[in-house]
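See below for the structure under consideration.
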């Protein structure tokens, strides 16, 4: 937004300009943490549950910020002769931030792809960046920047000349995807999956589908919806004035062949061959969604897909003693648990002394049926031939009822971090997975000697 002057910034945000400096330039970036404020930044002070971020506006200005945006009272206090930077006032600073982001999205004139789903939205977003970047100037949102605060910051961080903007959209309840879509105005809506996540808030999987489908409802006529081929719950939410592309078995985009280092994809009759650095079935499915969305913005992926899993998202680490760690502890739900267990069963070393060990913790926000979901995961692990299960937490303890092998119920992550290194033997493959609140990164740190990105 460097080319936007203070008046234009104020107009776009719906804010009042209290202290315009003698400058025709705009900010280089927008921040909400005063510790990140400095020359070229617009600091937006957001009211919080206990502290109003606008209280730190004077500190941001003292650090040389281009300007601040906060509530009228705090803005008036910051607009002093000693602080001749831009001072903007808005009754609702968050709404002002969102309005500014929408205005910048329109200025970019980029094609916007919104990505949501019960599982797989982050890896699909990253895969989209990987397949689009060789062909278009692409920006994708960072991890966790998928909320009503994070998403507008990611839009505002996109530089002029951006051609495709890939935005992950998280959901905690009804109406939240609609709110994010109203800010981003997507051209393409990608719904990666529908499953039992956030049942504690939404009650049924049907309600989850309705909430995710808010992304389809937000599309303008002639937009594109990318959805799983085998997901009937999205059927009632499809639109005649929007193109629908399905992915997966029987869909418009499906896997024709999968090798160790490459995949062959049938994209509506066109064959696409890609070199990929992964073999996991769920990542291949997410790649199909990415290829479908890329096609919707006019890109046919080719060559090598530069993609790497981050810490906590299924990354494989070879430890001392020939133990393999599958670090998937970032989050969990019944769908992603099954996918991770499938990967463990399919890729673990085979041999007399090589075991498949699963360290699984509580899956949160599953509502009244939470115990049965955990029992089912224990049963699923047993059916796949998992040799040993460490069940971490009060909910995960129910996994023992469905598991037929060696099982170790553990109270919390601290106890698990002490037990698991002693439990493993050379040749073992260990999967570590739970909802984020369980904190199983402690186990991964204990196994890797504390070295974890």
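Quick note: the coordinates plus some simple rules give every number you see, no bench work behind them. All of these numbers come straight from a predicted model, not from anything done at the bench. Note that each Cβ is placed from the backbone with ideal geometry, even for glycine, and that neighbours are counted across all protein chains shown.
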Seminar exercise, completed: Shape call for segment 300-453, from the Cα gyration tensor axes a ≥ b ≥ c (a/c under 1.5 means rounded, otherwise prolate when a/b beats b/c, else oblate), comes out rounded
Exercise. Under 19 Å from the 7 Å Cα→Cβ point of residue 308, by amide nitrogen: which residues of segment 409-453?
Worked result: 445, 448-453
For this session: Sort 444, 329 so the one with the fewest other Cβ atoms within 10 Å of its own Cβ comes first.
Result: 444, 329
For this session: Compute the Cα gyration tensor for the chain, then decide on rounded, prolate or oblate, letting a ≥ b ≥ c be the square roots of its eigenvalues: rounded whenever a/c is under 1.5, prolate when a/b is larger than b/c in the other cases, and oblate in all that remain.
Result: prolate
Problem set entry | Approximate spin-label separation residue 316-residue 62, in nm, with each point projected 7 Å along Cα-to-Cβ | 5.3 nm
Exercise. Considering only DSSP beta bridges with both partners in segment 6-93, what is the antiparallel share in %, to the nearest 5?
Worked result: 35 percent
Exercise. Relative to the longest principal Cα axis of the chain, at what angle does helix 334-347 sit, 0 to 90 degrees, rounded to 10?
Worked result: 50 degrees
Seminar exercise, completed: Residues 373, 43, 403 in order from fewest to most other beta-carbon atoms within 10 Å are 373, 403, 43
Exercise. In which sequence would 374, 408, 282 go, from the one with the fewest C-beta neighbours within 10 Å to the one with the most?
Worked result: 408, 282, 374
Problem set entry | Distance (nanometres) between label positions extended 7 Å along Cα→Cβ at residue 94 and residue 347 | 3.7 nm
Problem set entry | Cα-based helix-to-principal-axis angle, 413-423 vs the chain, degrees rounded to 10 | 40 degrees
Exercise. Want the number for residue 240 to residue 257: 0.36 nm per residue separation, take away the alpha-carbon distance, what's left?
Worked result: 2.9 nm
Seminar exercise, completed: Percent antiparallel among DSSP beta bridges confined to the chain, rounded to 5, stands at 30 percent
Exercise. Relative to the present Cα-Cα distance, how much length would full extension add between residue 275 and residue 144 at 0.36 nm per residue of separation?
Worked result: 44.4 nm
Exercise. How many nm separate the modelled label positions at residue 406 and residue 266, each set 7 Å beyond the Cα in the direction of the Cβ?
Worked result: 4.4 nm
Seminar exercise, completed: Taking a ≥ b ≥ c as the square roots of the eigenvalues of the Cα gyration tensor, with a/c under 1.5 meaning rounded and otherwise prolate when a/b exceeds b/c and oblate if not, segment 6-93 is rounded
Exercise. What number, in percent, do you get for the relative contact order of the chain if the mean sequence gap of Cα pairs under 8 Å and at least 6 apart is divided by its residue count?
Worked result: 10 percent
For this session: Note the full-extension length gain between residue 207 and residue 249 as 0.36 nm times their separation in residues minus their Cα-Cα distance, in nm to one decimal.
Result: 12.7 nm
Seminar exercise, completed: Longest principal axis of the chain (C-alpha) makes with the long axis of helix 121-132 (C-alpha) an angle, in degrees to the nearest 10, of 70 degrees
